[in-house]
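Asks: Input: one structure, supplied below.
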Amino acid sequence: MLEIKNLVVEIEGKRILDGLNLSVNNGEVAAIMGPNGSGKSTLSYIVAGKEDYDILDGEVLLDGENILEMDPAERAVKGVFLAFQYPLEIPGVATMTFLKAALNAQRKARGETELTTPDFIKRVNAAADKLEIPREMLRRALNVGFSGGEKKRMEILQMALFQPRFCILDETDSGLDIDALRVVADGVNALRSPDRTFLVITHYQRLLEHIVPDTVHVMANGKVVKSGGKELAVELEANGYADYKAQEAA
């Protein structure tokens, strides 16, 4: 279970999160929606451990343990995974080398046996086939020359391999056509389980037609201002965020 309590965050003196509270239960898919500048991506970065932010107050508890005291690698070992809105290209780093090094580093940190090269290749190829990722992509440098859809599929491939407990998708639908969106959503849905939790950050209800959430939370001005079921996403698509921005500004 993830519990965020009174989280206050600034960057360069500007307050981004202002007493944010949020709880996400094990096995739940929670959607975060809100206008630009509401703090959605900042929330994802704080949970994952990105530096450069000043955390002035609050806790982020994963199964009761405050992960704000851990570095990003420790959080990854605990099962935290962030799929970026704009995955980085890393020239000179082979995709397969990266995947094997990252997967075995996590396994080693957890006291598990590292995968041999043949076992690793079998696992990667099986996951890639399900996500319609051509083998040729696996032979290239990480994300280099990939389309937006290919980069997002590669993020979901990493998720499938690492099997994280808490998955954050930061606007993973950004820049995807309907076919790529379907493939990515199918990959996410295949990973849903009682032991895995998702936080899906998006502007639009379109993604939530494919990854149907259990709960929807609206953010405005650094806070969660309303929570509800999946029908709340439909309401937001129809009416926009103006009422929530006005409510917080009042």
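Read-outs: derived from the displayed coordinates by stated rules, not from any lab. Fair warning: this is a prediction, and the values are worked out from it, not measured in the lab. So basically every Cβ, Gly included, is an ideal-geometry build from the backbone, and we count neighbours across all protein chains shown.
Asks: Hull surface divided by four, with the convex hull built on the Cα atoms of region 103-250: how many nm²?
Replies: Projected over every direction and averaged, the Cα hull of region 103-250 covers 10.7 nm².
Asks: Which listed residue (GLY58, THR215, MET154) has the Cα farthest towards the positive end of the charge dipole for the chain, taking +1 on Lys and Arg C-beta and -1 on Asp and Glu C-beta about the Cα centre?
Replies: MET154
Asks: How much length is gained if the chain between ALA73 and ALA126 is pulled fully straight, taking 0.36 nm per residue apart and subtracting their Cα-Cα distance, in nm to one decimal?
Replies: Value of the extension gain: 16.5 nm.
Asks: To the nearest Å, what is the center-to-center distance of region 63-95 and region 1-30, using C-alpha atoms only?
Replies: A separation of 17 Å, based on Cα centres.
Asks: On average over all directions, what projected area in square nanometres does the chain have, based on the convex hull of its Cα atoms?
Replies: Spelled out: convex hull of the Cα atoms, projected over all directions, averaged, 13.5 nm².
Asks: To the nearest 20 Debye, how big is the dipole of region 2-249 about its Cα centre, given +1 on the beta carbon of each Lys and Arg and -1 on that of each Asp and Glu?
Replies: Dipole of region 2-249, to the nearest 20 debye: 760 debye.
Asks: Suppose every Lys and Arg Cβ carries +1 and every Asp and Glu Cβ carries -1, with no other charges. What dipole size does region 15-76 come out with about its Cα centre, to the nearest 20 debye?
Replies: Dipole about the Cα centre, nearest 20: 360 debye.
Asks: How much length, in nm to one decimal, is gained on full extension between ARG110 and GLU136, taken as 0.36 nm per residue of separation minus their Cα-Cα distance?
Replies: Between ARG110 and GLU136, full extension yields an extra 6.2 nm.
Asks: May I pose another question? Could you work out the relative contact order of the chain? I mean the mean sequence separation of Cα pairs under 8 Å and 6+ apart, divided by the number of residues, in percent.
Replies: 29 percent
Asks: Multiply the residue gap between ASP195 and ASN6 by 0.36 nm, knock off their C-alpha separation, and tell me the result in nm, one decimal place.
Replies: Result for the pair: 65.5 nm of gain on full extension.
Asks: For region 108-167, run through the trypsin sites (Lys or Arg not before Pro) and keep only the ones in DSSP coil with at most 13 other Cβ atoms within 10 Å of their Cβ.
Replies: ARG110, ARG139
Asks: Now for a separate question. On average over all directions, what projected area in square nanometres does region 37-140 have, based on the convex hull of its Cα atoms?
Replies: 9.0 nm²
Asks: A follow-up question, please. In region 1-86, which GluC sites (Glu not before Pro) are in a loop and have at most 10 other Cβ atoms within 10 Å, using DSSP for the loop call?
Replies: Listed in order of number, the matching sites are GLU12, GLU51.
Asks: Now for a different question. For a 31 Å ceiling on Cα separation, which of these pairs sit above it: LYS100/LYS223; LYS100/LYS230; LYS78/LYS223; LYS5/LYS122; LYS14/LYS108; LYS5/LYS100?
Replies: Long pairs (Cα-Cα over 31 Å): LYS100/LYS223; LYS100/LYS230; LYS5/LYS122; LYS14/LYS108; LYS5/LYS100.
Asks: Also, I was wondering about something else. Under a plain spin-label model, where a point goes 7 Å from the Cα along Cα-to-Cβ, how far apart in nm are ARG182 and ASN66?
Replies: 4.8 nm
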